Amino acid sequence: MHNLLAQTYDRLHGGKCLSRADALQLSRIPDPGAFFALADTIRRDFMGNRFHLCSIINARSGNCSEDCRFCAQSRRHTTEVAAYEVIAKEQALKQAKNSDQHGVRRLSLVTSGRRLTDAQLEEMRPLYAAIAGETSLALCASMGLLDGDGLQRLKKMGVSRYHCNLETSASFFPRVCTTHSHRQKAQTLKQAERVGLSLCSGGIIGMGESMEDRIDLAFELRELGVKSIPINILTPIAGTPLADQSALPLQEVLMTVALFRLINPDAVIRMAGGRQQLGRDQYRCFTAGANGAIVGNFLTTVGSGIEDDLHAFTDLGFVVSGE
Ligand code: SF4
């Protein structure tokens with residue numbers, strides 16, 4: 001097996017991609033410590049020690065027509081999530097300024113729903129204008145299955161990156177959501193790239209998928225050219241169909257992070273929602289290939305404090321400067 005680790009190192013440094021068969025074999029490695037160390041080395045060799053921070057604002061919450069089984073915001077599930085149409089500008093600005101003051105470089109406005117209408121998109125304009133005017137944050141958007149016109153409109157509002165999670169592999173996706181498809185999400189990402197936006201897309205682990213599904217997702221993201229990959233760990237929420245899903249063991253989380261790094265050596269592997277469930281162990285993800293995080297609160301779950309996160313990332317030898 002050590003031979004496979006050495007071969008993987010040489011393969012990646014030779015500019016070649018890990019094969020799916022090798023990824024599968026690595027996922028069964030009896031000595032994961034050496035595997036995590038390899039992922040950490042590849043992260044350093046391809047991406048250096050920059051740590052990439054971003055944060056998100058829930059700009060429109062709840063009342064969603066879709067049936068994503070993990071999500072508190074679907075109106076098909078009975079949850080206690082707050083529902084509102086558009087966040088107040090003052091509140092968005094306060095959160096944005098707080099992120100800016102803590103060295104966060106990117107901020108995304110995230111909205112619930114299948115896709116925003118043109119009128120709803122226009123309601124985002126004053127929010128982006130205020131944030132751009134009063135902070136130095138680069139702007140992202142996550143607003144569902146937009147078409148080229150909607151994405152172009154966002155670009156004109158100053159947005160430079162579009163987020164749309166594939167969530168899981170194409171084959172597992174129908175077990176997570178039936179009201180839209182994996183293909184529609186991939187098409188949205190391709191459309192975003194066509195209008196000149198950079199891409200952010202990842203998924204949620206711990207929804208009952210296999211390691212093979214996670215490997216497939218990592219390859220699907222690679223094929224789409226995604227360079228910012230958020231990994232969420234399912235937070236089971238009361239009232240959703242996945243409320244009773246059991247937690248993923250830490251080792252499996254670390255294994256997934258390491259595989260995502262080896263399959264996407266030059267991408268930001270960004271720990272997102274759910275990492276707080278691991279307590280201090282969450283920071284081990286950043287010694288197994290991850291080099292970015294969403295900080296502050298997540299959409300419907302409370303995150304760790306930004307200060308605690310920043311100390312932890314610096315203690316691990318990262319320089320917090322990326323987006
Ligand atoms: S993930 Fe998005 S599309 Fe799916 S239910 Fe939640 S808000 Fe709606």
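Quick check on my filter: what residues within the range 32-65 are open to solvent by 10 Å² or more (accessible area, probe 1.4 Å), over 21 Å from His311 (Cβ atoms) and assigned to a loop (DSSP other than H, G, I, E, B)?
If the condition is that a residue be open to solvent by 10 Å² or more (accessible area, probe 1.4 Å), over 21 Å from His311 (Cβ atoms) and assigned to a loop (DSSP other than H, G, I, E, B), then Asn63, Ser65 are the ones that fit.
Which residue pairs have Cβ atoms closer than 7 Å, lie 6 or more positions apart in sequence or on different chains, and pair a first residue in the range 181-195 that is under 14 Å from Met143 (Cα atoms) with a second residue that is among the charged types (D, E, K, R)?
Qualifying pairs under 7 Å: Gln191/Asp147.
Residues being more than 22 Å from the chain's Cα centre (by Cα), touching a residue at least 12 places away in the same chain (Cβ under 8 Å), more than 16 Å from Cys54 (Cβ to Cβ) and open to solvent by 20 Å² or more (accessible area, probe 1.4 Å): count how many of those fall in the range 128-147.
Residues that pass the stated criteria total 2.
Within the range 66-108, take every residue that is of a type in the set (Val, Ile, Thr) and within 16 Å of the ligand (Cβ to nearest atom) and give me the one that is least open to solvent (accessible area, probe 1.4 Å). Please lay out each step first, then the result.
Of all residues in the range 66-108, those of a type in the set (Val, Ile, Thr) come to 78-79, 81, 86-87, 104.
Within this subset, residues satisfying the condition of being within 16 Å of the ligand (Cβ to nearest atom) are 78-79, 81, 86-87.
Values: Thr78: 119, Thr79: 35, Val81: 44, Val86: 49, Ile87: 13 Å².
Checked the range 66-108; the qualifying residue least open to solvent (accessible area, probe 1.4 Å) is Ile87.
Those residues that are closer than 15 Å to Ala34 by Cβ and loosely packed, with under 10 Cβ neighbours inside 10 Å, I need them from the range 3-22; list them, please.
Matches in the range 3-22: Asn3 only.
Could you list, in sequence order, all residues of the range 113-143 that are within 15 Å of Ile87 (Cα to Cα), among the hydroxyl-bearing types (Ser, Thr, Tyr) and more than 16 Å from the ligand (Cβ to nearest atom)?
If the condition is that a residue be within 15 Å of Ile87 (Cα to Cα), among the hydroxyl-bearing types (Ser, Thr, Tyr) and more than 16 Å from the ligand (Cβ to nearest atom), then Tyr128 is the only one that fits.
Among the numbered criteria (1) more than 20 Å from Gly305 (Cβ to Cβ); (2) assigned to a helix (DSSP H, G or I); (3) touching a residue at least 40 places away in the same chain (Cβ under 8 Å), which one does Val110 miss?
All conditions are met except number (2).
Can you tell me which residues in the range 162-205 are more than 12 Å from the ligand (Cβ to nearest atom), open to solvent by less than 10 Å² (accessible area, probe 1.4 Å) and small (Gly, Ala, Ser)?
Ser169, Ala192, Ser201, Gly202
The values are calculated or read from the model by the stated rules, or taken from the named source; none is laboratory data. If you're wondering where the values come from, they're calculated on a predicted model, not measured in any experiment. Quick reminder, even Gly has a Cβ in these numbers, built from the backbone with ideal geometry, and neighbours come from all protein chains shown. In case anyone asks, the SASA skips ligands and DNA or RNA and just uses the protein heavy atoms, side chains included. Shrake-Rupley method; radii C 1.70, N 1.55, O 1.52, S 1.80 Å.
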